[in-house]
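Read the structure below first, then the notes.
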């Protein structure tokens with residue numbers, strides 16, 4: 001019996017060495033790391049670019065180094081507002097941006113960027129609930145792939161909100177103050193503010209400060225907090241208003257060329273999804289402290305007046321958005337379908353959360369009493 005087993009083992013070894021000669025290919029060697037070339041719409045100094053790099057780092061670590069992402073800033077391959085088309089055409093493998101930049105293709109794109117009012121009062125967790133569990137991501141990809149005919153796959157990215165109302169060269173107290181101002185706004189916000197009497201100019205982030213310095217614009221909206229401090233808007237304008245209702249729940253996007261996405265294994269696709277969610281939570285938690293520190297620096301070091309946006313203006317903005325939603329829903333079936341889905345989700349979660357969650361100001365005011373009419377957070 002022992003001799004028989006030895007003979008069989010010897011024959012197996014001989015066969016293994018003989019197979020290549022018989023025309024059977026040897027087992028493939030493990031594939032090396034795969035590098036994806038992706039670009040954002042953000043300046044290199046932006047915290048949104050920090051998120052992009054964190055996402056790339058997480059994908060690298062979760063994949064054990066087999067998936068690497070070259071996280072390029074705006075303009076390294078294509079201009080910042082051309083990344084979506086470049087991804088669809090596979091000029092780049094993917095992108096990091098925000099969907100309200102694409103309203104020129106269809107106004108429904110704004111609905112995946114956390115549109116004005118939440119939408120319908122939703123905060124980040126409510127909105128992500130709709131994205132992940134209410135069919136939002138599926139509707140997003142249906143819009144991109146079937147309505148816009150883009151060869152891409154999209155998913156939620158980073159949350160850069162609540163965003164500040166903006167920077168102004170002089171104080172604003174009413175809607176009348178808008179009438180003579182020219183301001184940097186983008187996408188749907190530009191359309192809404194135009195309805196309210198403001199003259200708007202669409203500029204990518206890297207062009208805002210030069211335009212402000214040359215006097216081309218009288219006011220500008222970017223993000224708020226640390227983002228605005230890094231961009232340098234405090235060097236031109238000294239009146240900073242917050243909060244805003246235009247982007248109180250902003251959601252960025254991570255988008256891949258569809259052929260690139262299909263080339264991933266199911267495990268790699270899950271790694272990308274997990275990296276996106278992990279980076280979003282980790283980055284956003286740290287970002288809140290960065291914003292608080294930035295507000296303090298604006299005031300104490302740079303002499304910026306950080307002021308509360310007049311409620312009249314915030315209410316007027318929401319009313320203007322309501323009018324836009326109604327008009328757009330009447331002529332854009334895709335817009336209406338997505339909006340109805342968001343409203344149905346919000347109708348359940350928003351009233352319940354309002355009832356279950358104590359107002360943020362309740363405990364905040366108990367521990368950190370705020371002077372009546374205070375313009376900004378108390379100094380540390």
Here is a list of conditions, (1) assigned to a loop (DSSP other than H, G, I, E, B); (2) buried (at least 23 other Cβ atoms within 10 Å of the Cβ); (3) at pLDDT 95 or above, and residue 160 meets all of them except one; can you say which number that is?
(3)
Are any residues in the stretch 151-177 in contact (Cβ under 8 Å) with a residue 12 or more places away in the chain, touching a strand residue (DSSP E or B) at 6+ places or on another chain (Cβ under 9 Å) and farther than 27 Å from residue 292 by Cα, and if so, which ones?
151, 152, 153, 154, 155
Qualifying residue in the stretch 232-242 (condition: in a helix (DSSP H, G or I), in contact (Cβ under 8 Å) with a residue 60 or more places away in the chain and either under 27 Å from residue 87 (Cβ atoms) or touching a helix residue (DSSP H, G or I) at 6+ places or on another chain (Cβ under 7 Å) (or both))
yes
Residue, farthest from residue 222 (Cα to Cα), within the stretch 181-205, restricted to residues that are in contact (Cβ under 8 Å) with a residue 24 or more places away in the chain and part of a loop (DSSP other than H, G, I, E, B):
196
For the stretch 259-275, enumerate the residues that are in contact with a strand residue (DSSP E or B) (Cβ under 7 Å, 6 or more places away or on another chain) and surrounded by 19 or more Cβ atoms within 10 Å (Cβ to Cβ).
260, 261, 271
What pairs can you find where one residue is in the stretch 127-146 and outside any helix (DSSP H, G or I), the other is surrounded by fewer than 18 Cβ atoms within 10 Å (Cβ to Cβ), and their Cβ atoms are less than 7 Å apart, with a gap of 6+ or different chains?
134/341; 135/341
Which of (1) part of a loop (DSSP other than H, G, I, E, B); (2) in contact with a helix residue (DSSP H, G or I) (Cβ under 8 Å, 6 or more places away or on another chain); (3) modelled with pLDDT of 95 or more is the odd one out, the single condition residue 116 does not satisfy?
(3)
Taking the stretch 206-231 as the region of interest, how many residues are closer than 24 Å to residue 288 by Cα and either over 20 Å from the mean Cα position of the chain (by Cα) or not in a helix (DSSP H, G or I) (or both)?
6
Matching option when the condition is in a helix (DSSP H, G or I), at pLDDT below 95 and surrounded by 10 or more Cβ atoms within 10 Å (Cβ to Cβ), among 341, 361:
361
The stretch 296-319 - residue that is in contact with a helix residue (DSSP H, G or I) (Cβ under 8 Å, 6 or more places away or on another chain) and modelled with pLDDT under 95 and, of those, surrounded by the fewest Cβ atoms within 10 Å (Cβ to Cβ):
312
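The values are calculated or read from the model by the stated rules, or taken from the named source; none is laboratory data. None of these values were measured; they are calculated from a predicted model. Positions of Cβ are backbone-derived with ideal geometry, glycine not excepted, and every protein chain shown enters the neighbour counts.
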